[in-house]
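A.B. asks: There's a structure below that I have some questions on.
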């Protein structure tokens, strides 16, 4: 099992890469190929659009790679997603793609294109509280398809997005088919008025009414003040 | 010329209301009816949804009112827009509606419903630098349809939205027909990465390609740091 790491959004920190490599070495059941592009910096992107796209296309087309692990979120994968999915090589269809947050743009488009995707922890998460366990969970799924790594309350196909990513991909070429999908919202630090506004957009969008778990409007108790 | 002021989003400040009233008194060419709902507070809304909707429906249905002036932006008009536009009374079609910013949700839906709308300064703007002149410009248009009050560089039908409002109304029942419309973006204080993300959404949305002035992708030089 060879797992390639690329960074379509923001730069992977060196110490996070080393910590994940150490976990992989200790397990001994897989090989990690961290693409050098992960450490590029251009503004707050992991290199310019061309470099991020090129690294992603490279690992997608590499038939020796079994899985592509997105290094971290932030912002930027939407800028290269459509080009990444154009004229897909056959090897791109024979692997699993995993990530979340800003990588949701790519995962959505990949799902729409018929590729196998999973929502799960990313290498940079090793630096978070509980990050070690999260990385091991992601690897358990990547290497062994261990069902214990899955969210236990899900009973069928699911997708997970933060509100901003989901709101901004609606109506674009990346919008996946939500029919019958359980939709999870991962949100950690938005103003409640902004959450309410995004929920307005989501609940007013016909495509999202085909999910198995329709969104509910927020009650909006305003514990945080808006910036204006 | 009777102009009703209601607040579908945030609360109008008393001193702003007084300053606008003083300008109107000095002109002597119109009458201002500031609805008491403008001064309600519920969280940061100008009263609960029901109160904001009720005041708006009241002035829309009032055949003695020639124009409805939205008091200020902020957030909240989207929560009542669809209900405000249901089963429109005939009197609602015989008046002009004016505002911008968060009121863009209403203006968009009203334009779609065939009502006469204008994008222009709102009463709370009197408190800004240059606010006095802005209020006089809005009144010149409301009372006299004075062409000198219009943006001089526009050569045809136009709409103006901030990116967040525009992004969040795409695909909803409020989305207007953009065919042949010159689209102005009014944006004052977003992180550049967020502007880029919204521009991605806008430029990737087929409905917006029917404007007379297609959007261009942002170059994204990142002068402000993202919050993460």
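FYI, it's all coordinate maths here, none of it is from the lab. Keep in mind it's a predicted model, so treat the numbers as computed, not measured. Positions of Cβ are backbone-derived with ideal geometry, glycine not excepted, and every protein chain shown enters the neighbour counts.
A.B. asks: Convex hull volume of the Cα atoms in the protein assembly as shown, per residue, in Å³?
C.D. replies: Working: hull volume 67.4 nm³, N = 456.
Dividing the Cα hull volume of the protein assembly as shown by its residue count gives 148 Å³.
A.B. asks: Answer rounded, prolate or oblate for segment B:78-211, using the Cα gyration tensor with square roots of eigenvalues a ≥ b ≥ c: rounded when a/c is under 1.5, else prolate when a/b is larger than b/c, else oblate.
C.D. replies: Judged from the Cα gyration tensor, segment B:78-211 comes out oblate (a/c at least 1.5, b/c at or above a/b).
A.B. asks: Given a Förster distance of 22 Å, report the FRET efficiency between residue B:133 and residue B:63 from their Cβ-Cβ distance, rounded to the nearest 0.05.
C.D. replies: Efficiency, from the Cβ-Cβ distance: 0.10.
A.B. asks: Can you list, shortest first in nanometers, how far residue B:113 lies from the same residue in the other copies, with each label 7 Å from Cα toward Cβ?
C.D. replies: 4.3
A.B. asks: When you have a sec, figure out the Kirkwood radius of chain A from all distinct Cα pair distances and drop it here in Å to one decimal? Please report the intermediate quantities before stating the final value.
C.D. replies: On the way: mean 1/r = 0.0550 Å⁻¹.
Result for chain A, one decimal place: 18.2 Å.
A.B. asks: If I build a Gaussian network model for chain A, linking alpha-carbon pairs within less than 10 angstrom, which residue out of A:192, A:56, A:139 has the largest mean-square fluctuation?
C.D. replies: Evaluated over chain A, the most mobile residue of the options is A:192.
A.B. asks: Taking chain B as a Gaussian network, Cα atoms linked when under 10 Å apart, which of B:117, B:24, B:188 shows the biggest mean-square fluctuation?
C.D. replies: Checking each option, the largest mean-square fluctuation is seen for B:188.
A.B. asks: On to the next question. Compactness ratio of segment B:1-85: Cα Rg over 2.2 N^0.38 Å, N = residue count?
C.D. replies: 1.06
A.B. asks: Test of understanding: in a Gaussian network model of chain B with alpha carbons linked when under 10 Å, which of B:13, B:95, B:144 would top the mean-square fluctuation ranking?
C.D. replies: B:144
A.B. asks: Taking beta carbons within 10 Å but only from partner chains, what does the mean come to for residues B:107-118?
C.D. replies: Neighbouring Cβ atoms belonging to other protein chains average 0 per residue here.
A.B. asks: Looking only at other chains, what is the average number of their beta-carbon atoms within 10 angstrom of each beta-carbon in B:193-206?
C.D. replies: Rounded to a whole number, the mean comes out at 5.
A.B. asks: Could I ask something else about it? Taking the rotation that carries B onto A, look along its axis and tell me which residue of B has the beta carbon nearest to it, distance in whole angstrom.
C.D. replies: Measuring from each Cβ to the axis, the minimum is at B:171, 2.
A.B. asks: Taking R0 as 41 Å, what's the FRET efficiency between residue B:195 and residue A:144 from their Cβ-Cβ distance, rounded to 0.05?
C.D. replies: 0.45
A.B. asks: What nm value, rounded to one decimal, do you get for the distance between residue A:184 and residue A:27 when each label is placed 7 Å out toward the C-beta?
C.D. replies: 1.7 nm
A.B. asks: Can you compute the helix-only [θ] at 222 nm over the protein assembly as shown? Use -39500 (n - 2.57) per DSSP H run of at least 4 residues, normalise by all residues, nearest 500 deg cm²/dmol.
C.D. replies: Details: 14 runs with 152 residues, N = 456.
Helix-only estimate at 222 nm: -10000 deg cm²/dmol.
A.B. asks: Quick one: with label points 7 Å out along Cα→Cβ, list the inter-copy distances for residue A:189 in nm, shortest first?
C.D. replies: Counterpart label points of residue A:189 in the remaining copies fall at 1.9 nm.
A.B. asks: Hey, another quick one. Taking the label point as lying 7 angstrom from Cα along the Cα-to-Cβ axis, what are the distances from residue A:49 to the corresponding position in the remaining copies, in ascending order and in nanometres?
C.D. replies: Residue A:49 label point versus its equivalents elsewhere: 3.9 nm.
A.B. asks: Using the Cα atoms of segment B:136-184, I'd like the radius of gyration and the largest Cα-Cα distance, Dmax, both in angstrom.
C.D. replies: 13.4, 35
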